[in-house]
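Q: What follows is a structure written as structure tokens; I'll ask about it next.
The values are calculated or read from the model by the stated rules, or taken from the named source; none is laboratory data. Fair warning: this is a prediction, and the values are worked out from it, not measured in the lab. Here Cβ is always computed from backbone atoms with ideal geometry, including for glycine, and neighbour counts include all displayed protein chains. All accessible areas refer to the heavy atoms of the entire protein, side chains included, with ligands and DNA or RNA removed. Shrake-Rupley method; radii C 1.70, N 1.55, O 1.52, S 1.80 Å.
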Amino acid sequence: TSASWTIPMDFCNEIPNNISGNGTIFVDTYSGSTNIGTQSKQFTANVPDSVIPTFTGITLDDQNATAKSLLTGNTFVQIMSNIKVTFNGASGIYNSTIEGFRAEVLNKDIVLTSNGGTFEPMNFNGTATIRASVTDSRGRVSATKDLEITLLEYYAPVISIQVLRTRENPNKLQVLRTIKVAPLSFGGVNRNSTKLVFEVAALGSTSFVADTGSAGGEWTTIFTLTNSEANLGGTYDSTSSWTVRAKLSDKFTSSNPTIASATVGTEAVI
């Protein structure tokens, strides 16, 4: 007089691109072995909400070779890091396929929508959370997975200089150096370095010659100087005027240093 039937879950395999599908139930009536009638009823079946795609997580990789060589783990450099996102183990269910990817930096309005894509430069520092998910061909979204990252503060090197003749020897030049370089402190160690080079040319000339005095140098512990005095190593005739050029760089700007220049005139004679 009655019967019940539950749609098997593997029927979901027949609708990999939709969350519902239409079907027909046929009821055949027999007298002995003779079919004496058939009735049919159409129905709509819905894929349960619990049927969603999965993935195991995301992997981040810095495409900036310099930043990658300095840091480990999920720690990156503000502005300079190019963070590539790889979605791991993404899989559909019941014949669905993975159609979409999403990784969002929460509260920063930064979104990535491709597997293997790279985030836009992140112009902030501190910690942040990346929330990731995948979408399948049914439009179902996976459970999200979070990953915390840290961005170290970075800014381009800044420099200004003044040049004076020393009182003891007018042929010697003294520079007042004001510099600022991002140290990129991580794990108790400064990962960046400061490189300061001085060059001198006769006023009006473009033939600069490197000065190897103590005013320049390369340091891993000095990142800020304010009106710091130091003498150039060369001897510069007090009867001529000179242009002093300073080039400041760090590990990211060695090929494109920040440049400041100043001139010093002839010795004043009373």
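Q: Going 7 Å from the Cα of Ala202 in the Cα-to-Cβ direction, what parts of segment 226-242 have a backbone nitrogen less than 17 Å from that spot?
A: 235-242
Q: Follow-up. Return one whole number: the accessible area per residue of segment 37-136 in Å², for a 1.4 Å probe.
A: Dividing the accessible area of segment 37-136 by its residue count gives 52 Å².
Q: Right, another one. Could you compute the net charge surrounding Ser255? Neighbours are other residues with a C-beta less than 12 Å from the C-beta of Ser255; K and R count +1, D and E count -1.
A: +2
Q: If you don't mind, there's one more thing I want to ask. Specify the residue with the greatest mean-square fluctuation among Phe11, Phe223, Phe124, computed from a Gaussian network of the chain linking alpha-carbon atoms under 10 Å apart.
A: Maximum fluctuation in the GNM of the chain, among the listed residues, is at Phe11.
Q: So, one more: For the chain, what is the calculated [θ] at 222 nm in deg cm²/dmol (nearest 500), taking -39500 (n - 2.57) for each run of four or more DSSP H residues and dividing by its residue count?
A: -500 deg cm²/dmol
Q: If R₀ is 25 angstrom, what is the calculated FRET efficiency for the pair Glu229 and Tyr155, using the beta carbon separation as r and rounding to 0.05?
A: Using R0 = 25 Å, I get an efficiency of 0.50.
Q: Which three numbers, in whole Å and largest first, are the semi-axes of the equivalent ellipsoid of the chain derived from its Cα gyration tensor as √(5λ)?
A: So the equivalent ellipsoid measures 75, 14, 11 Å along its semi-axes.
Q: Picking from Ala210, Gln78, Met122, whose Cα lies most toward the positive end of the charge dipole for the chain (charges on Cβ: Lys, Arg +1; Asp, Glu -1)?
A: Ala210
Q: So, one more: How far, in nm, would the chain grow between Asn18 and Thr166 when pulled straight, counting 0.36 nm per residue and subtracting the alpha carbon separation?
A: 45.0 nm
Q: Work out the count of Lys pairs in the chain where the Cα-Cα distance is under 27 Å, with the pair 8 or more places apart or on different chains.
A: Going through the chain pair by pair, I get 19.
Q: Please find the FRET efficiency linking Tyr94 to Glu218, where r is the Cβ-Cβ separation and R0 is fixed at 45 Å, and quote it to the nearest 0.05.
A: In this case the efficiency is close to 0.15.
Q: Heavy atoms only, probe 1.4 Å: what % of the accessible area of the chain goes to carbon and sulfur, would you let me know?
A: Carbon and sulfur atoms account for 46 percent of the accessible area of the chain.
Q: If you don't mind, there's one more thing I want to ask. Quick one: if you stick a label point 7 Å off each Cα along the C-beta vector at Ser33 and Gln63, how many nm between them?
A: Result: 7.2 nm between the two label points.
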